[in-house]
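These notes are about the structure you will find just below.
The values are calculated or read from the model by the stated rules, or taken from the named source; none is laboratory data. Every value quoted in this text rests on a predicted model; they were computed, and no experiment measured them. Neighbour counts are summed over all protein chains in view; Cβ atoms, including those assigned to glycine, are modelled from backbone coordinates with ideal geometry.
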Amino acid sequence: MVETQLRARLITHAGVLDAMGRVPRHRFVPGSLQALAYDDTPLPIGDGQTISQPYIVAYMTQAIEPSRSDRVLEIGTGSGYQAAVLAELVKEVYTIEIVPTLARRAATVLRDLGYRNVHTREGDGYAGWPDAAPFDKIVVTAAPDEIPRALVDQLAVGGVMVAPVGRDLQVMTILHKARDGVVKRETIPVRFVPMIKKGK
Ligand code: SAH
């Protein structure tokens, strides 16, 4: 997986490649799909949701330029896999999931694997995690129509956010926050599940 899917596609960050090699992806997919866990594809995880393709997880992790001292917010815990990859590279990971069954299952897997620096919460990612803000980095793994204001507010100055933005087909957007404003860069086309709005 690391050689053919990641290194061959310009994932060059040594820490990201190491982390992707270490995290047991099969533990984050349903039992019936374990044989496919390291394939070059997203997989269903129940409740109509998916675990992202390995390349996309690596791409987003590399995009935030992870550093050992970072506190990172993830929106859309899903299986917990992206949170585990982040946990290998940064100080603390805060991850929010709106579907209660997924939130509980991911919390259990992450705990069983010993990831003590991952904090899980069931809730609405549009609100972020104000009591743990500001975050050095934010990784959004469900697609909003536009980057939620609350998340920009909870990003530290000097921080980086990565998010798939748009309907149906999205564009991966990398946002840098400076003292005098934000700079957004649009990169690759991607397809994520939509970020659910509560009450809709
Ligand atoms: N990062 C995940 C994959 C995410 S799939 C992994 O590594 O497996 C997107 C997830 O975002 C789904 O689990 C979905 O339920 C969740 N989600 C959708 N809308 C959300 C919202 N408003 N707040 C929090 N989570 C949300």
Enumeration of residues in region 5-52 that are out of contact with any helix residue (DSSP H, G or I) (no Cβ under 7 Å at 6 or more places or on another chain) and of a type in the set (K, R): R22
Inter-residue pairs, beta-carbon under 8 Å, first in contact (Cβ under 8 Å) with a residue 12 or more places away in the chain and in region 157-180, second buried (at least 19 other Cβ atoms within 10 Å of the Cβ) and of a type in the set (F, W, Y), 6+ apart: G159/F135; P164/F192; Q170/F192; M172/Y59
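One line per residue, one yes/no per condition, for (1) within 16 Å of the ligand (Cβ to nearest atom); (2) closer than 30 Å to P44 by Cβ; (3) at pLDDT 95 or above; (4) among the aliphatic types (A, V, I, L, M):
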{"position": "G128", "(1), (2), (3), (4)": "yes, yes, yes, no"}
{"position": "F135", "(1), (2), (3), (4)": "yes, yes, yes, no"}
{"position": "A142", "(1), (2), (3), (4)": "yes, yes, yes, yes"}
{"position": "R149", "(1), (2), (3), (4)": "yes, no, yes, no"}
{"position": "P164", "(1), (2), (3), (4)": "yes, yes, yes, no"}
{"position": "Q170", "(1), (2), (3), (4)": "yes, yes, yes, no"}
{"position": "L175", "(1), (2), (3), (4)": "no, yes, yes, yes"}
{"position": "R179", "(1), (2), (3), (4)": "no, no, yes, no"}
{"position": "K184", "(1), (2), (3), (4)": "no, no, yes, no"}
Set E88, E92, E65: member being in contact (Cβ under 8 Å) with a residue 24 or more places away in the chain, on the phi > 0 side of the Ramachandran plot, surrounded by fewer than 24 Cβ atoms within 10 Å (Cβ to Cβ) and not hydroxyl-bearing (S, T, Y): E65
Single residue of G76, G46, G15 found to be out of contact with any strand residue (DSSP E or B) (no Cβ under 9 Å at 6 or more places or on another chain) and under 21 Å from D112 (Cα atoms): G46
Test: residue in region 73-82 that is buried (at least 16 other Cβ atoms within 10 Å of the Cβ), out of contact with any Ser or Thr (no Cβ under 8 Å at 6 or more places or on another chain) and closer than 20 Å to V162 by Cβ: yes
Selection count where residues are in contact (Cβ under 8 Å) with a residue 60 or more places away in the chain and assigned to a loop (DSSP other than H, G, I, E, B), scope region 1-24: 2
Entirely in region 25-89, the strands (runs of 3 or more DSSP E) that have 3 or more residues that are at pLDDT 95 or above and more than 9 Å from the ligand (Cβ to nearest atom): 71-75
Among the residues listed as R111, R116, the single one being in a helix (DSSP H, G or I) and either of a type in the set (V, I, T) or more than 25 Å from Q5 (Cα to Cα) (or both): R111
